[in-house]
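Heads up, the thing below is written out as structure tokens.
The values are calculated or read from the model by the stated rules, or taken from the named source; none is laboratory data. Everything numeric in this text was worked out from a predicted model, so none of it was measured. Cβ coordinates were reconstructed from backbone atoms using ideal geometry, including for glycine residues, and neighbour counts include every protein chain displayed. Calculation scope for accessible area: heavy atoms of the full protein, side chains included, ligands and nucleic acids excluded. Shrake-Rupley method; radii C 1.70, N 1.55, O 1.52, S 1.80 Å.
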Amino acid sequence: MSAPYDLEKGDAVHPGRPVQVDRYTVGARINHWITAISLILLAISGLALFHPSLYFLTGLFGGGQMTRTIHPWIGVVLFFSFAGMFLRFWKANLWKSEDGTWMRRIRDVIAGHEEKLPELGKYNAGQKMVFWGMSLLIMVLITSGVVIWQAYFASYTTIEQQRIALLVHALAAVAIICVWIVHVYAAIWVKGTISAMTKGQVTGGWAWRHHRKWFRELVSSRKSGTRGTPAE
């Protein structure tokens with residue numbers, strides 16, 4: 001068996017009926033929800049400023065001027081919060097050979113034919129694509145956002161640069177909202193996924209069905225007494 005690249009600090013198996021598996025630490029869950037809430041607030045405030053028909057949404061933030069003021073600061077919170085998530089999860093989201101097989105059998109994924117799919121690590125190919133898509137888009141958003149942040153950076157850029165950055169920012173915002181919708185839909189579709197990010201645990205049956213390779217690695221590390229490394 002190859003080295004367990006996707007075991008993270010806090011991952012652990014607890015024997016019982018049913019077997020309980022620690023999937024996310026308290027810190028990881030707080031980090032995730034700060035990122036999620038920041039992204040939602042950014043989407044709402046950004047849409048409020050995007051088109052006159054949506055301007056009424058600025059009322060949620062105290063009016064148009066307040067929305068323009070706090071929108072970029074929420075972006076700063078999102079950037080640093082997601083940076084924390086990136087440092088936590090990037091290694092477990094590296095692409096592996098089984099991910100290509102999973103993608104080629106996407107019809108079986110949709111049909112729920114788990115028996116026809118390869119054994120997966122902690123995250124499947126869809127989750128990994130969401131992770132890397134979010135990583136790229138957040139970098140684009142923060143970079144373009146700095147260019148169009150009039151209050152602090154207007155004197156460092158030209159009008160032409162600001163116009164290009166504004167277009168890039170808008171396109172990246174639409175793209176990340178779409179990725180977020182896919183992420184939420186998938187979390188609802190796979191029963192037990194949302195509770196994993198709220199309670200931090202899944203059952204052994206859930207782990208065996210959806211992420212068998214990860215579960216095997218956890219059990220193996222527990223038996224060999226190596227839980228003090230990545231799976232503590």
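Here are some notes:
- Cα-centred dipole magnitude for the chain, charges only on beta-carbon of K, R (+1) and D, E (-1), debye, nearest 20: 600
- The figure for L171 is an accessible area of roughly 110 square angstrom, using a 1.4 Å probe on the protein chains alone.
- Between the beta carbons of I159 and I110, assuming R0 = 35 Å, the FRET efficiency works out to 0.15 to the nearest 0.05.
- Relative contact order (%) - segment 1-96, alpha-carbon pairs under 8 angstrom, separation at least six: 32
- Structure-derived Rg and Dmax of the Cα atoms in Å: which label, when the choices are (i) 19.3, 63; (ii) 16.1, 49; (iii) 20.5, 64: (iii)
- Amide N proximity, segment 196-216 versus T101 label position 7 Å along Cα-to-Cβ, cut-off under 19 Å: 207-216
- Per residue, in Å², the accessible surface of segment 111-232 once ligands and nucleic acids are set aside, probe 1.4 Å: 58
- Helices meeting the span-like rule in the chain (full DSSP H runs, Cα extent of at least 30 Å along the helix axis, mean Kyte-Doolittle score of 1.0 or higher): 26-50, 125-147, 159-189.
- Distance cut-off 21 Å, percentage of C-alpha pairs in segment 37-154 lying past it: 53
- Across the chain, C-alpha contacts under 8 Å between residues 6 or more apart give a mean separation that, scaled by the residue count, equals a relative contact order of 33 percent.
- Alpha-carbon centroids, segment 138-174 and segment 3-45: separation in whole Å: 32
- Surface composition of segment 3-53: carbon plus sulfur atoms contribute 72% of the solvent-accessible area (1.4 Å probe, protein chains only, all chains present).
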